[in-house]
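Shown next, in structure tokens, is the structure this report addresses.
Taken together, the values in this text are just the output of simple stated rules run on the coordinates, not laboratory data. Since we're looking at a predicted model, the values are computed, not measured. Methodologically, a virtual Cβ is constructed for each residue, glycine included, from the backbone with ideal geometry; neighbour enumeration extends over all protein chains shown.
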Amino acid sequence: MKLPELQSLAKEHNIKGCSYRNKPELMALLGEKGLLSSEFVEKENRYREEGKEKKRRKAECSGIVDEKHERLKTIRTNPRIIDILDRETGDVVVSPSMYKAAKAFGQSAGMMSVYNGKVWKNRYEFKALDDVVDKEQLQT
């Protein structure tokens, strides 16, 4: 039975609060009132649990790791430090992340990865410090 059918059954029997309950709560309530058989309620609960278990096993057994998702998780936890060289003045500015460096120039964060190791507007040279050794040297 679908949720709208359960709600209409409850309304027919003047049971209050059926519009805000989710399906398992509504089924349990209707089972307590004797409008649904306990076998039907147990069958629906078993079906729901089997579906959850099937999804869990599929996720475990697939063994496929989405590389893009893993990369995006590391972007937040390990941001890339950017070294910005102003070729006109010779100043070197170090930014703690690509995002912050791009926002300082009023650009999108993707611009930093496009111009990594290149010159932007014939003035700024961007260099991402990817290596852990470079980051440790920078901090000392």
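Just a few scattered comments:
- For the stretch 83-93, putting each phi into the Karplus relation 6.51 cos²θ - 1.76 cosθ + 1.60 with θ = phi - 60° gives couplings of 9, 10, 9, 8, 6, 7, 9, x, 6, 10, 10 Hz, in residue order, rounded to whole numbers and with x for Gly and Pro.
- Taking amide hydrogens as placed 1.01 Å from N in the peptide plane, the amide H of Ser97 sits under 5 Å from those of Ile82, each at least 5 positions away in sequence or on another chain.
- Counting Lys and Arg as +1 and Asp and Glu as -1 over every other residue whose Cβ lies under 12 Å from the Cβ of Val119, the net charge comes to +2.
- When Cys18, Cys61 are arranged by Cβ crowding within 10 Å, least crowded first, meaning fewest neighbours, the order is Cys61, Cys18.
- The mean sequence separation of alpha-carbon pairs under 8 Å and at least six residues apart, normalised by the residue count of the stretch 1-94, gives a relative contact order of 12 percent.
- By the rule of a C-alpha distance below 19 Å, with chain neighbours fewer than 8 residues away ignored, the aspartates and glutamates paired with Lys121 are Asp83, Asp86, Glu88, Asp91.
- Total formal charge among the other residues, if their Cβ is under 13 angstrom from that of Tyr99, Lys/Arg +1 and Asp/Glu -1: +4
- Sparse packing (at most 16 other Cβ atoms within 10 Å of the Cβ) combined with a DSSP loop state is found for the following GluC sites (Glu not before Pro) in the stretch 1-91: Glu88.
- Pairs beyond 28 Å (Cα-Cα), from Lys2/Lys73; Lys33/Lys54; Lys73/Lys100: Lys2/Lys73; Lys33/Lys54
- Candidates per trypsin sites (Lys or Arg not before Pro) in the stretch 28-133, loop by DSSP, up to 16 other Cβ within 10 Å: Arg87, Lys118, Lys121, Arg123
- Charge tally in the Cβ shell below 14 Å around Glu12, where Lys, Arg are +1 and Asp, Glu are -1, Glu12 excluded: +2
- Given +1 at the Cβ of Lys and Arg, -1 at the Cβ of Asp and Glu and no other charges, the dipole of the chain around its Cα centre is 460 debye to the nearest 20.
- Residue (of Phe40, Val92, Ser113) at the positive-pole extreme of the chain, dipole from beta-carbon charges: Phe40
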